[in-house]
1. Run M1 past the list (1) modelled with pLDDT of 95 or more; (2) of a type in the set (A, V, I, L, M, F, W, C); (3) in a loop (DSSP other than H, G, I, E, B); (4) surrounded by 14 or more Cβ atoms within 10 Å (Cβ to Cβ) and report the number of the one that doesn't hold.
2. Considering only the range 24-101, give the strands (runs of 3 or more DSSP E) lying wholly within it that have at least 1 residues that are modelled with pLDDT of 95 or more, among the hydroxyl-bearing types (S, T, Y) and closer than 24 Å to E119 by Cα.
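The values are calculated or read from the model by the stated rules, or taken from the named source; none is laboratory data. It should be emphasised that the depicted structure is a prediction, and the values quoted were computed from it without experimental measurement. No Cβ is skipped: glycine too gets one built from the backbone with ideal geometry, and neighbour counts run over all protein chains shown. To get the accessible areas, we keep the full protein, side chains included, count just its heavy atoms, and leave off ligands, DNA and RNA. Shrake-Rupley method; radii C 1.70, N 1.55, O 1.52, S 1.80 Å.
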Amino acid sequence: MEHISESMELLQKVMDLLEHHFGPSCEIILHDYTKGPMHSIVDIRNGHVTGRAVGGHNTNIGFEIMKGTVEAKDEFNYLTYSSNGKILRSSSIYFKDSSGTPIGSMCLNLDITETIQFEKFLNAYNCS
C-alpha cells in the first residue's frame, strides 16, 4: 500500500468489525499521515471516548513518528490517559509504504475507567 486511500474500503470494514465487536466504549481511529499531523484523522468511531473527530490531530507519539524521531512500531495493550481524564487500554498498528515510510495508523482506545474504579472498590473492601 502506498497511500491509505488505496485501502480505505477494506480499512473501514475492519473498523466496522471492531466497532460492532467492542461497542461504544472502544474508540477506533484511522490516521492518514499525508494529511499532516494536525488533520491526520480520516475516520473515527466512538470519538466521544477522547473527544476527537475526523479532521482532528494525531497524538504526541504520532507527531514523533511523523517527524521520524520515533520508530513506527506496532504496540498493544498499553495504558494511556485521555485529556478528559479517562483511563484507556490502547493498541496501535502502523501502515508503511514500499520504502518503509509510515503512511498511517489504526489505533484502538478502550475506556477502562469504570473497570479500574470497580477493581479499586473491590480491593478496598477485600471483595476479591
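1. Looking at each condition in turn, M1 falls short on (1).
2. Where strands (runs of 3 or more DSSP E) fall fully within the range 24-101 and carry at least 1 residues being modelled with pLDDT of 95 or more, among the hydroxyl-bearing types (S, T, Y) and closer than 24 Å to E119 by Cα, they are 75-81, 87-96.
Here's the yes/no breakdown for (1) open to solvent by less than 50 Å² (accessible area, probe 1.4 Å); (2) of a type in the set (G, A, S); (3) over 13 Å from G104 (Cβ atoms):
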residue	(1), (2), (3)
M15	yes, no, no
S40	yes, yes, no
D43	yes, no, no
N46	yes, no, yes
T50	yes, no, yes
A53	no, yes, yes
F63	no, no, yes
Y78	no, no, yes
S83	no, yes, yes
